[in-house]
Amino acid sequence: VTELLRLYFKSEEIEGYECDGCASKTTCDKGLEIAHAPNALTLYVDRMANMDLFGKLNRVVRFEEALDLAPYMSRHTGADETYDLFCVVVHLDVGGSTFFGHYVCHVRDASGSWWTLDDERAEPTTWDRVSEVNPYLLFYRRRSPHDRARPLPTVKKEAPPARPPPAPTTRPELDPPAAPAE
């Protein structure tokens, strides 16, 4: 999962980007960052095989009991951005199909013990067993949750650069009116 997050948040260089303000072409970096870390984090592991309706990718995706979001934050405040895994949902497929199968859930209780929930059955299990499954959904809770009563800080966006005034045309009747003198 950490490698998937690193790839998802990796910046990408775009050549030939046209600036909206001045229409000049340049090279820029495009990337994603997390502005506000949530108290609860759900990760969906996409296992669809492109547009093949009956295909499923069953490659192994490893995940950890603890996940640090600090490297993906837009601001590094020194706050603890660590998350603890508390639930893993698994899709047990029939013949590699994404449309048929059965869901099983592995949950960690307040004492730290892991349980497998399968319809009417709840059985104790171990982290070693849970860590070997192919996840469909991973649920994490923030180790140091935000206070709900406190409003989230806002992220100030930089204003786009001011557009230069349009160049005069050869036809004065098409030029914008001049600003009034003060």
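Taking every residue in the stretch 60-71 that is more than 24 Å from residue 35 (Cβ to Cβ) and pairing it with any residue that is open to solvent by 30 Å² or more (accessible area, probe 1.4 Å) and in a loop (DSSP other than H, G, I, E, B), at least 6 positions away or on another chain, the pairs with Cβ-Cβ distances below 7 Å are 60/134; 61/134. Can you tell me which of (1) within 28 Å of residue 68 (Cβ to Cβ); (2) open to solvent by 100 Å² or more (accessible area, probe 1.4 Å); (3) not in a helix (DSSP H, G or I) is the one residue 20 doesn't meet? So residue 20 meets the others, but not (1).
Among the conditions (1) in contact with a strand residue (DSSP E or B) (Cβ under 7 Å, 6 or more places away or on another chain); (2) at pLDDT below 90, the only one that residue 169 does not satisfy is (1).
Here residue 45 meets the list (1) closer than 21 Å to residue 63 by Cα; (2) more than 12 Å from the chain's Cα centre (by Cα) almost entirely, failing just condition (2). Take the conditions (1) at pLDDT below 85; (2) within 21 Å of residue 85 (Cα to Cα); residue 14 misses just one of them, which is (2).
The values are calculated or read from the model by the stated rules, or taken from the named source; none is laboratory data. As the structure is a prediction and not an experimental result, all values here were calculated from the model. With ideal geometry, Cβ positions are generated from the backbone for all residues, glycine too; neighbour counts draw on all protein chains shown. Accessible surface areas use protein heavy atoms only, side chains included; no ligands, DNA or RNA. Shrake-Rupley method; radii C 1.70, N 1.55, O 1.52, S 1.80 Å.
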